[in-house]
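The values are calculated or read from the model by the stated rules, or taken from the named source; none is laboratory data. As the structure is a prediction and not an experimental result, all values here were calculated from the model. Note that we place each Cβ from the backbone using ideal geometry, even for glycine, and neighbour counts take in every protein chain shown. Keep in mind that these areas ignore ligands, DNA and RNA; they rest on the heavy atoms of the full protein, side chains included. Shrake-Rupley method; radii C 1.70, N 1.55, O 1.52, S 1.80 Å.
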Amino acid sequence: MSEIVKTRAIVLRRLDFGDTSRIAHFFTEEFGKLSAMVKGAKSPKSKTGLVIDLLNVVELVLYKKETREVQLVSQVDLLKHFPNIRDDFEKFRFASAVIELLATMITESEPHPKLFEGSVKILSLIDSSNESPKILFAKYFFFFLKELGYEFQFERCSVCGRVLSKGEQASYNFEAGMICTDCRADRLTNFNFSEELFELVFCLNQKKCSYTYKEENINSIIVLLEKFLAYNVGEFKGLKSLKI
Ligand SMILES: [Zn+2]
């Protein structure tokens with residue numbers, strides 16, 4: 001039995017299927033990631049075909065069947081699109097990295113409503129705010145990891161348990177976690193934070209953060225989070241979108 005369901009979704013990918021149809025991958029609010037076929041979407045007259053485009057946020061009506069791998073789209077309406085992302089290469093790179101994380105790291109059919117909300121929000125900010133897309137992405141990356149269950153803990157020293165302070169010269173070990181200035185002397189570390197860099201980690205995890213940081217510091221944090229994710233998930237080999 002198939003049921004008719006309605007959900008919001010982000011378009012992660014679309015592929016042509018046969019002469020007339022398309023299959024799209026969606027990150028849906030209610031059902032997590034899923035694939036669905038859109039019949040007739042390749043026709044130039046198809047409104048559905050235009051709406052189902054990479055990055056768009058849509059409202060989907062689906063014929064959904066648990067046992068089916070590819071669901072069937074009955075109706076689709078556009079809720080949000082991001083014209084500025086398409087016109088600006090920096091915006092496009094980091095929006096693509098958001099999509100890449102969702103497309104590669106989330107398990108099929110596992111709902112993450114909070115991650116859905118946060119992803120729509122970050123794409124909207126990348127599209128329309130004046131904030132650096134790189135900083136927006138770094139903030140999102142911390143949030144994404146947390147929602148996936150791989151929170152990057154930076155608040156306490158994993159050895160002595162002391163609460164770390166902003167601007168401290170802390171270090172990181174992928175196995176143990178954060179290591180404070182006092183404990184790091186005789187320990188193996190994978191990453192050493194300068195005071196400036198550690199302050200940036202705090203800042204990126206706060207709502208308000210004054211963005212006067214050096215480009216290379218934000219790059220370092222993104223690379224660290226990529227390594228952290230690769231340490232936790234063996235199949236993850238870094239973000240291709242950022243290598244362009
Ligand atoms: Zn310590």
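Among the conditions (1) in a loop (DSSP other than H, G, I, E, B); (2) buried (at least 19 other Cβ atoms within 10 Å of the Cβ), T189 misses just one, which is (2). Just one of the numbered conditions (1) in contact (Cβ under 8 Å) with a residue 40 or more places away in the chain; (2) in a loop (DSSP other than H, G, I, E, B); (3) within 18 Å of S132 (Cβ to Cβ) is not true of F236: (3). Whenever a residue of the range 147-169 is under 19 Å from L197 (Cβ atoms), its partners that are surrounded by 12 or more Cβ atoms within 10 Å (Cβ to Cβ) and among the basic types (K, R), lying with C-beta atoms within less than 6 angstrom and at least six residues away or across chains, give the pairs V163/R156. In the set D77, D53, only one residue is out of contact with any Pro (no Cβ under 8 Å at 6 or more places or on another chain), among the acidic types (D, E), surrounded by fewer than 19 Cβ atoms within 10 Å (Cβ to Cβ) and in a loop (DSSP other than H, G, I, E, B); that residue is D53.
Find the residue count for the range 35-50, including only residues that are open to solvent by 10 Å² or more (accessible area, probe 1.4 Å) and touching a residue at least 24 places away in the same chain (Cβ under 8 Å). Count: 5. Within the range 127-143, is even one residue part of a helix (DSSP H, G or I), farther than 22 Å from K227 by Cβ and assigned by TED's automatic domain parsing to the domain that holds G234? Yes, some residue in the range 127-143 is part of a helix (DSSP H, G or I), farther than 22 Å from K227 by Cβ and assigned by TED's automatic domain parsing to the domain that holds G234. Between F198, F236, F191, which is among the hydrophobic types (A, V, I, L, M, F, W, C) and under 19 Å from G149 (Cα atoms)? Every option except F236 fails the conditions. Being out of contact with any Lys or Arg (no Cβ under 6 Å at 6 or more places or on another chain), in the same structural domain as E226 (by TED's automatic domain parsing) and within 20 Å of Q206 (Cβ to Cβ), is that true of even one residue in the range 182-193? Within the range 182-193 (the criterion being out of contact with any Lys or Arg (no Cβ under 6 Å at 6 or more places or on another chain), in the same structural domain as E226 (by TED's automatic domain parsing) and within 20 Å of Q206 (Cβ to Cβ)), the answer is yes, since at least one residue qualifies. Any chance the range 91-102 includes a residue that's at pLDDT below 95, open to solvent by less than 30 Å² (accessible area, probe 1.4 Å) and not in a loop (DSSP other than H, G, I, E, B)? No, that holds for no residue. Annotation note: of N173, N217, the sole residue that is surrounded by fewer than 19 Cβ atoms within 10 Å (Cβ to Cβ), touching a Leu at 6+ places or on another chain (Cβ under 7 Å), touching a residue at least 12 places away in the same chain (Cβ under 8 Å) and closer than 16 Å to E155 by Cβ is N173.
When the residues of the range 145-200 are narrowed to those that are of a type in the set (D, E, K, R) and in contact with a helix residue (DSSP H, G or I) (Cβ under 7 Å, 6 or more places away or on another chain), which ends up farthest from the ligand (Cβ to nearest atom)? Restricting to residues being of a type in the set (D, E, K, R) and in contact with a helix residue (DSSP H, G or I) (Cβ under 7 Å, 6 or more places away or on another chain), the top hit is E147. With respect to (1) within 16 Å of the ligand (Cβ to nearest atom); (2) exposed (fewer than 13 other Cβ atoms within 10 Å of the Cβ); (3) among the polar types (S, T, N, Q), the lone exception for T212 is condition (1).
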